[in-house]
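S.K.: Please find one structure pasted underneath; my questions will follow.
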Amino acid sequence: MADPFLSIQSVRKSFGNVAVVKDFNLDVDRGEFVSFLGPSGCGKTTMLRMVAGFEQPTSGTIKIGGKDVTYLKPNQRKVGMVFQAYALFPNLTVAQNIGFGLRVAGKPRAEIEARVKEMLGIIKLPDFGARYPYQLSGGQQQRIALARALAPSPALLLLDEPLSALDAKVRISLREEIRSIQKRLGITTIFVTHDQEEALSMSDRIVVMNEGRADQTGTPFEIYNKPTTRFVANFVGTLNVLKGTVVNAANGQVKIGDDTVMLDSDLGGRKAGDSVSLALRPEAVSLGRNDLRETSVAATISEVHFLGSVIRVRAKVGDNSVSLDTFNDPSAPPPSAGSAAEISFARRDLMVLDD
Amino acid sequence: MKVSRFWAWATFIVGASYFFIPLIATFEFSLRMKRGEYSFEAYRVVFADPRFQATFGYSVVVAIFTILLGVLLVVPTAYWIRLRMPWLRPIVEFITLLPLIIPAIVIVFGYIRMYGSNSPLPFLASVRGTDVLLIIGYATLALPYMYRAVDTGLRTIDVATLTEAAQILGAGWVTIIGRIILPNVLIAVLSGAFLTFAIVIGEFTMASLLNRPAFGPYLQLIGANRAYEPAALAVISFAITWGCMSVIQVLSRFAPKSANNPN
Ligand SMILES: Nc1ncnc2c1ncn2[C@@H]1O[C@H](COP(=O)(O)OP(=O)(O)O)[C@@H](O)[C@H]1O
Ligand SMILES: [Mg+2]
């Protein structure tokens, strides 16, 4: 396998006595788009700032392109960065902002002008060169900030919650635009966000962070469908957690409520009588019997929310509450709260959570 | 409503008269150099006086150097404190206020003791050295105004993020301060500069005790020996100070435009 382009090895960071990033390991391939996803305060920005060079790790190593940059100054790393607050230089025009990195590098004027024009084209704001930042909307400012970061052709692009300050519509269109520009230029990118939808829809891989640790690293598909920790399972998407008791560890029998189900997954060394937490995504559960979902358990409907095309149902299975979505069927009335029902799911969709 | 309006106007008129009547009287007096008619004769005499030209020119040059020194000293300091040492701010603010508390005469006697011809730093041994010491002294006097103006200017921009944005694009400290920070606080720096100018132009104590041919001592000299010219000079000084103040007012109109306001 080729050497990773960015390599973060056993990085720790403490501010005083407080450990903010703990034993962080990550290899990113050239051209890959990796997101750091996690709740606010989990250390995403701090980790990104160490890659940028604004903070130095308490211990550990960061390599870019095989070169150890752990203690290199930010202005020597050839890294581009986009900030949440845009951070355009208010005294410079859009063109001067985009050309700033090239000017600092002492590039000839003609080359700078050509590159600025090219970047303005890439971000689809070709006629905005002469404007000042205060004359632009938030979304436009952030696109300029992206162009400014990319103009000097950095080896690595870092984005710290670049969409958080924008309104929903702009956020979604800019999401797609950033991803398509990133793919077109093939630039290795780290994207920090607390928004799971952003991370799932944009990334090649996601690092889910929890209290300074990388809990799980994987493709959006893996993170969503095969979370390995309870934190990841809970943080990414909606999750039904079912508490059960192991009946027979050898063949994967677990008792949930009054029913016993068979599991495909490994029970992780649990023995008969041990408790186990199983997780199910709402879309993996259906109401009534289903040919594709062989396991059924008895349940009681507790809540019904009619949302139009979709009906969101909450059902009780023993002490557990399960949420599931069904499509509205015009010919059949929705179930009513309090009635008994059966819910079914496929056992391969059951995830065993580490406690 | 009506009553409070009346009192507001009354207070205003009393205040304004307190301020304007002596000024108007001075101005009126300055026009009476020629017997029996109003004329600008006193002003003509003043402007024609070579000592006026020399001392005024000297003070303008000293003011310009004072402003340069002040900007070079204060902008990086205020910037660095905002960026890296915010806990130091109250201390530095206190230090910059000291020139308002310590009389100029105390400072200048300190200078004369510290920097005399026999001292390790003999600023006073030469004329140029004394000029330099005067500029340093003036920069100290202007510190309270300069520091506050620049610090207020820095408050309108996101110093930390703009610095990081410039750093990651490869900029070093000189580029960051010269191309990003200074231009964004330029309006504030200019207000500080004009305040400094107004202070330096009329300053008497330091210039007189260091025996430099500045405008302040000239004002004093004329005031002691002539009748109409001092009135004319007083009006001229007022005009200069007011000119500086209105420039500051005009400049501050432009300030919000350059502010960094992500919406
Ligand atoms: N310079 C600093 N000094 C002290 N604590 C800090 C500093 N920067 C960040 N922290 C703390 O580190 C933790 C993680 O912060 P951060 O990396 O910004 O989280 P995130 O970006 O995931 O929201 C927070 O608790 C924050 O208060
Ligand atoms: Mg953050």
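S.K.: State yes or no: is A:GLU55 in contact with an Asp or Glu (Cβ under 8 Å, 6 or more places away or on another chain) and either more than 16 Å from ligand 1 (Cβ to nearest atom) or within 13 Å of chain B (Cβ to nearest Cβ) (or both)?
M.R.: Details: in contact with an Asp or Glu (Cβ under 8 Å, 6 or more places away or on another chain): no; either more than 16 Å from ligand 1 (Cβ to nearest atom) or within 13 Å of chain B (Cβ to nearest Cβ) (or both): yes.
Answer is no for this residue.
S.K.: What pairs come up if the first residue lies in region A:173-200 and is within 14 Å of another protein chain (Cβ to nearest Cβ), the second is within 16 Å of ligand 2 (Cβ to nearest atom) and in a helix (DSSP H, G or I), and their beta carbons are under 9 Å apart, counting only those six or more places apart or on different chains?
M.R.: Taking only residues 6 or more apart or on different chains, the pairs are A:ILE190/A:MET47; A:ILE190/A:LEU48; A:ILE190/A:VAL51.
S.K.: Look at region A:320-332 and say how many of its residues are closer than 20 Å to A:LEU242 by Cα and more than 31 Å from the chain's Cα centre (by Cα).
M.R.: Going through region A:320-332 one residue at a time, the tally reaches 0.
S.K.: Let me ask you something else. Please work out if B:ALA104 is at pLDDT 90 or above, within 17 Å of the chain's Cα centre (by Cα) and among the small types (Gly, Ala, Ser). First the steps, then the outcome.
M.R.: Numbers: at pLDDT 90 or above: no; within 17 Å of the chain's Cα centre (by Cα): yes; among the small types (Gly, Ala, Ser): yes.
Taking the combined requirement at face value, the residue does not satisfy it.
S.K.: Among the residues of region A:160-167, are any within 16 Å of ligand 1 (Cβ to nearest atom) and hydrophobic (A, V, I, L, M, F, W, C)?
M.R.: Here is the first cut: in region A:160-167, the ones within 16 Å of ligand 1 (Cβ to nearest atom) are A:160-165.
Now restrict to residues that are hydrophobic (A, V, I, L, M, F, W, C): A:163, A:165.
There is at least one residue in region A:160-167 that is within 16 Å of ligand 1 (Cβ to nearest atom) and hydrophobic (A, V, I, L, M, F, W, C).
S.K.: Can I ask one more? Just wondering, is there one or more residues in region A:118-141 that are more than 30 Å from the chain's Cα centre (by Cα) and β-branched (Val, Ile, Thr)?
M.R.: The answer is no; no qualifying residue exists.
S.K.: Let me ask you something else. Only one residue in A:GLN135, A:GLN182 is in the same structural domain as A:ASN97 (by TED's automatic domain parsing), of a type in the set (S, T, N, Q) and surrounded by 19 or more Cβ atoms within 10 Å (Cβ to Cβ), so which one is that?
M.R.: So the residue among A:GLN135, A:GLN182 that is in the same structural domain as A:ASN97 (by TED's automatic domain parsing), of a type in the set (S, T, N, Q) and surrounded by 19 or more Cβ atoms within 10 Å (Cβ to Cβ) is A:GLN182.
S.K.: May I ask you to verify whether A:VAL28 is touching a Phe, Trp or Tyr at 6+ places or on another chain (Cβ under 8 Å) and more than 16 Å from ligand 2 (Cβ to nearest atom)?
M.R.: Yes, satisfied.
S.K.: Can you tell which of B:ALA139, B:ALA160, B:ALA188, B:ALA166 is touching a helix residue (DSSP H, G or I) at 6+ places or on another chain (Cβ under 7 Å), without any contact (Cβ under 8 Å) to a residue 60 or more places away in the chain and assigned to a helix (DSSP H, G or I)?
M.R.: B:ALA166
S.K.: Let me spell it out: the conditions are (1) within 16 Å of ligand 1 (Cβ to nearest atom); (2) touching a residue at least 24 places away in the same chain (Cβ under 8 Å), and A:GLY65 meets all of them except one. Which number is the exception?
M.R.: It is condition (1) that A:GLY65 fails.
S.K.: Exactly one condition in (1) facing chain B (nearest Cβ under 9 Å); (2) in contact with a strand residue (DSSP E or B) (Cβ under 9 Å, 6 or more places away or on another chain); (3) part of a helix (DSSP H, G or I) is not met by A:MET47; state its number.
M.R.: Here A:MET47 clears every test but (1).
S.K.: Right, here's the next one. Can you find a residue that is in contact (Cβ under 8 Å) with a residue 24 or more places away in the chain, part of a helix (DSSP H, G or I) and within 14 Å of chain A (Cβ to nearest Cβ) anywhere in region B:109-124?
M.R.: Checked region B:109-124: no residue is in contact (Cβ under 8 Å) with a residue 24 or more places away in the chain, part of a helix (DSSP H, G or I) and within 14 Å of chain A (Cβ to nearest Cβ).
S.K.: Return the residues of region A:150-168 that are within 8 Å of chain B (Cβ to nearest Cβ) and away from ligand 2 (no atom under 16 Å from the Cβ); say none if nothing qualifies.
M.R.: If the condition is that a residue be within 8 Å of chain B (Cβ to nearest Cβ) and away from ligand 2 (no atom under 16 Å from the Cβ), then A:PRO152 is the only one that fits.
S.K.: So, one more: Against the definition (more than 29 Å from A:ALA105 (Cα to Cα) and either modelled with pLDDT under 95 or not β-branched (Val, Ile, Thr) (or both)), how does A:GLU176 come out, yes or no?
M.R.: Details: more than 29 Å from A:ALA105 (Cα to Cα): yes; either modelled with pLDDT under 95 or not β-branched (Val, Ile, Thr) (or both): yes.
It is true that A:GLU176 is more than 29 Å from A:ALA105 (Cα to Cα) and either modelled with pLDDT under 95 or not β-branched (Val, Ile, Thr) (or both).
S.K.: Of the residues that make up region A:5-12, is at least one within 14 Å of chain B (Cβ to nearest Cβ), among the aliphatic types (A, V, I, L, M) and away from ligand 2 (no atom under 15 Å from the Cβ)?
M.R.: The initial filter retains those residues of region A:5-12 that are within 14 Å of chain B (Cβ to nearest Cβ), namely none.
No.
The values are calculated or read from the model by the stated rules, or taken from the named source; none is laboratory data. What you are looking at is a predicted structure, and each value in this text was computed from that prediction instead of being measured. Neighbour counts are summed over all protein chains in view; Cβ atoms, including those assigned to glycine, are modelled from backbone coordinates with ideal geometry.
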